[in-house]
Amino acid sequence: QVQLVESGGGLVQAGGSLRLSCAASGRTFSMYTMGWFRQAPGKEREFVAAINWSHGSTNYANSVKGRFTISRDNAKNTVYLQMNSLNPEDTAVYYCASLRRGEWGNAYDYDHWGQGTQVTVSS
């Protein structure tokens, strides 16, 4: 089993930055890819970014390319999401998740999820 705990959310003004963290524990050797998703009220959960745990390749949703950066610290079993130039449309609960196999952008393929952290961007 894998446990994921997100942190770093909060309230920020438009144009500001936040860095989210996702600490993984448990059977972490089973992880292959770590992803960040977000869900705004009344909307479906959407893919934000993902990173391969071993070789660090990344993928981003078009809506966050150039603004968000996903990274990982293997020694700390932690994945980060640096979010810059935030705008009110980025307001959502952000979740990290782990994936053994499947499509990086498909939430249904992910095996384990954190509890989420709220990000609110004021205009």
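The values are calculated or read from the model by the stated rules, or taken from the named source; none is laboratory data. Nothing here was measured: the structure is a model prediction, and the numbers come from that model. Here the Cβ positions follow ideal geometry from the backbone for every residue, glycine too, while neighbour counts run over all protein chains shown. The area values use the complete protein model at the heavy-atom level, side chains included, leaving out ligands, DNA and RNA. Shrake-Rupley method; radii C 1.70, N 1.55, O 1.52, S 1.80 Å.
Can you name the residue in the range 95-123 that is of a type in the set (Asp, Glu) and surrounded by 15 or more Cβ atoms within 10 Å (Cβ to Cβ) and, of all such residues, is farthest from Lys43 (Cα to Cα)? If you could, list the steps in order and put the result at the bottom.
Start the filter on the range 95-123 by keeping residues that are of a type in the set (Asp, Glu), which leaves 103, 109, 111.
Now restrict to residues that are surrounded by 15 or more Cβ atoms within 10 Å (Cβ to Cβ): 109, 111.
Numbers: Asp109: 19, Asp111: 21 Å.
Among residues in the range 95-123 that are of a type in the set (Asp, Glu) and surrounded by 15 or more Cβ atoms within 10 Å (Cβ to Cβ), the one farthest from Lys43 (Cα to Cα) is Asp111.
Counting only residues that are of a type in the set (Ser, Thr, Tyr), at pLDDT 95 or above and more than 19 Å from Asn87 (Cβ to Cβ), how many does the range 34-63 have?
Start the filter on the range 34-63 by keeping residues that are of a type in the set (Ser, Thr, Tyr), which leaves 54, 57-58, 60, 63.
Now drop any that are not at pLDDT 95 or above, which leaves 58, 60, 63.
From the residues that got through so far, the ones that are more than 19 Å from Asn87 (Cβ to Cβ) too are 58.
Number of matching residues: 1.
Does the range 28-40 contain any residue that is open to solvent by 30 Å² or more (accessible area, probe 1.4 Å), more than 23 Å from Gln3 (Cβ to Cβ) and either assigned to a strand (DSSP E or B) or not acidic (Asp, Glu) (or both)?
no
Checking Glu103 against (1) in contact (Cβ under 8 Å) with a residue 24 or more places away in the chain; (2) more than 21 Å from Val12 (Cα to Cα); (3) part of a loop (DSSP other than H, G, I, E, B), which single condition isn't satisfied?
Checking Glu103 against (1) in contact (Cβ under 8 Å) with a residue 24 or more places away in the chain; (2) more than 21 Å from Val12 (Cα to Cα); (3) part of a loop (DSSP other than H, G, I, E, B), the one that fails is (1).
So is Leu81 aliphatic (A, V, I, L, M), surrounded by 13 or more Cβ atoms within 10 Å (Cβ to Cβ) and modelled with pLDDT of 95 or more or not?
On the way: aliphatic (A, V, I, L, M): yes; surrounded by 13 or more Cβ atoms within 10 Å (Cβ to Cβ): yes; modelled with pLDDT of 95 or more: yes.
Yes; evaluated as a whole, the condition is true for this residue.
Of all the residues that make up the range 3-27, how many are out of contact with any Phe, Trp or Tyr (no Cβ under 8 Å at 6 or more places or on another chain), of a type in the set (Ser, Thr, Tyr) and surrounded by 16 or more Cβ atoms within 10 Å (Cβ to Cβ)?
0
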